[in-house]
Each structure stands twice: as C-alpha cells, then as structure tokens.
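Notes to accompany the following structure.
Bear in mind that the values in this text are calculations on the coordinates, not laboratory data. Only a predicted model underlies this, so the values are computations on that prediction, with no experimental measurement involved. Counting neighbours? That spans all protein chains shown, and the Cβs are built from the backbone with ideal geometry, glycine included.
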Amino acid sequence: MTTERPAWAIRLRAERRNRFWSQKDMARHLVEAAKDDVRARLPSRESIVRRIKAYEAGHNQPDDPYRLLYARAFGTDEADLFAHDSYAKSCDVLRPLVDVARTLGVDPPTFADTIDMDMLRRRLIQTLSVLGLTGTLPTDALANVRSTVAPPAESVEDWEEIAWGWAHALSGPPRDTLAGVANDLVALRQAIDHAQEADRRELTRVNAQMSMVVASALGLVGDPKESQESHRWWRAAQMTAEDCGDSPLASLAYALDATQALYERRDEEYLLRRVRRAMRAAGDQPCPGALQARSTHAILLAQQKRTIEARAEVTAMVADYERAASKDGPALVGGWRPARVYLYQSAVYSTAGDYRAAEAAQDAYRKHSTAHTVRRSSLIELHRARCLVAAGDVLVGVEHAREVVGMLPREQRSVSVRGSASDLLTALPAGARHNSSAQELRTLTAGACPA
C-alpha cells in the first residue's frame, strides 16, 4: 500500500514544477534567497538537491533556514506554504473533479498527485477529449464541474509565459515535455474557443509556438514513427503561424523543420523547399527563422562539397545576426545567442574541411555557451572530434567522440547528436571503422531516445 505524501510535500513539488524548475534549479533559488551570513553556512548544491528530493517525497519537513528560503524563492508566505489544512481545503474544491474521474473510470490518485487547481482542470479536459465523451455522463456530475472546467481568465501574456516555459523545457528529456505540453494544448484550445476576437489572433500565435514545441520534442526522440509525426506538427505550426499573420514565426517553423530534416537525412528537395519557404516568410527581416534557414542551408552545401557557396551562406548568416543584434542587443536575438552562431560556423567549417576556422569557432563557442546547452555543447565536441580525425589523430578523435556521447544522458542523444556522430563515423578511414571505440560509438548512437 502506497503512503500518501503530506500536503506540504505535494505543495513544494507543485510550486516548483509550476515554475518549470528542476530540482537543481530549486537548489539554486534557495541559495539565492539566503542572506550572506546564512548562505555561507549552507551545504553544497548536491546536498541541497538531496534535501529537496527528501522534502518532496515527504520524508521530513523542511526546518530552519529552509522553510524561510522556500517561502522567499516562491514569493509566498511561510505559514501558508506549510499550512497543514491546505490540502484538505483543496480536496473540498476538487471533490467534483474526483467524482467525474471515478465516473470516467480514471483512478482519482491521478488527479490527487498535485494541488495545482489549473493543472487538474487541464487534465480533466484532456481526459474528456481523449475519451471522446458523448453525453453518457450523468447531468448532475456535469453540473458539479461546469465551473471547475470552464476556461480560466488567463491572459495572452500568461499563455506566452506557458509557451516559453515549454520551449525552455526542451533542454530536458523530450518525452517528459510531450507528456506535459499535451495538457496545455487542450486547455489552450478551450481558451481560443472562448476568447474575445481581440485576443484570438494572439492566442492562435501561442498555439503555433506550442505546436513547435511538440514538433521539436518528437524530433528529439528520433524514432522513425515520432519523426514522421514531428513533421506533421511542423506543418501544423507553419499553417497556424501563417493563419495568424506572424511571418517571422512561420519562418522559424519552416527553418527548424528543415534543420531536423537535415540531420534525419531526408530528401534534399524536402529540405530545400522548407529553406526557401523560411526565407520567403522572413522577407528582408534578419529574424531567427532566416538565421536558422541560412545555417541549415550552409551545412547542406558543405555536405555537397560546394564550399564557396557554403562560406557565402555563413557570411550572410553572420551579417544577418549582426544586423539584428544592432537592434535587439547582441546577447539574444529571438532565442539566438552568439554561441549558436559559432555552433553553426563550426558545423559548416568542419564539414567543409576548413579545420582551422572550425576550431576557432569551437573556441569562441566555449566562451559564450551556457549550462543549459548540453546538446549543443556535445555537437561542438563532435565537430572537434571530426577535426582531430581529419588532422590524422584518428584514434584520438574517435575516442573523444565516444566519450562525449557516452557522457551524454541517453535522453539527450538527439537526432542532431546522432547525425553528427554518424557523419564522423562515415568520415573515418576504412581501417578505423571497426575499432572498439568506433563500434561503441555506433552502438551509443543507434535507435531512438528511450522512454
């Protein structure tokens, strides 16, 4: 028999998840919430993460100073955060949801795992949609939950924050993102249906953004079935962005679709059509879609040994980035940081055989990368391995690639990582393709990301 976690443990986890924080993020926020004298006495981040896991499991309640640090981090009152009756009150409010869950044959603990009212409402809406409800529920049960499942008064800004949060979550396991974003997509559809005309266009744009998250997550899994479904979602995102008149967003959806197709080794004409659509949607705006399209096209040109054209496309990409940075600021251009420019320079130059330029781009990337770019950092190291192989250090290069991929969590071995590793293996001299490191690298990059 499973022991139910105490109310405060459920609350702590729900508050953290609502902010899209990992347990490591939570540890950082607790440290930042401490004053200097308290911070000096706190244990290591790893120790704090272990505490967080124990708290959320309900093993022991936080004591001083962690109670106050939690309250500061969440921006709430300490007494309210650890109130013993908060869960009981929540259960009273959610009783109609639990009744409907039982009517649908859904185990109530599915809904009792969090005290986030909004998340529970979304789960119920999703359940109703998935089961294809045809009016078989008792009228009284529906009346009891009508107000609970009614779309909340979330603003466009709220939905934009939700979409941004899911985009940020793509740095984690893609299957986890897919499981969560589905709930919000159902709720967003409800919000669009009930929105005033003035808000409908903006909410439709958010719908396109969240469809792009689904497409990206499916593409990161890398299974052929998920890959095919991913491109359908890219198409849905493209059409939705075009319908609401957001040309830069449509451009980005086409460009990211093309990038995924590049690493999946899809038909070149498929890829080029999307590059052209991305550039056409961007017009003369140096937007992220144009940058992504140019970088993808440059890699393709390098693969085709059209080195001069590939270099010209890289030059155009850098010029577009600098033009956008002069207006939006150099640190961030619609999601593009300087590190991403160096990443694609490295990809093009290492593919084209200009290893000195590739290594310069790799060095620049390392100076500008952040802790949240683990997959991209792995790509840079795979480019570095290719440079080593080309310079004659074949065994060193293959071993470096094997170590990079081996250290990467399995769920982070995306289609781009596996594609780059495959490029390296293809570039090996015939005599080196069957050594132990090459064989292990081939094994590490086979198949899709696990569930």
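Each other residue within a Cβ distance under 12 Å of V318 adds +1 if Lys or Arg and -1 if Asp or Glu, for a net charge of +1. Label sites at Q61 and R235, each approximated as a point 7 angstrom past Cα along Cα to Cβ, lie 5.6 nm apart. For R45 and H368, the FRET efficiency from 1/(1 + (r/R0)^6), where r spans their Cβ atoms and R0 equals 22 Å, is about 0.40.
The aspartates and glutamates within cross-link reach of K225, meaning a Cα-to-Cα straight distance under 18 Å and a gap of 8 or more places when in the same chain, are D176, D257, E264, D267, E411.
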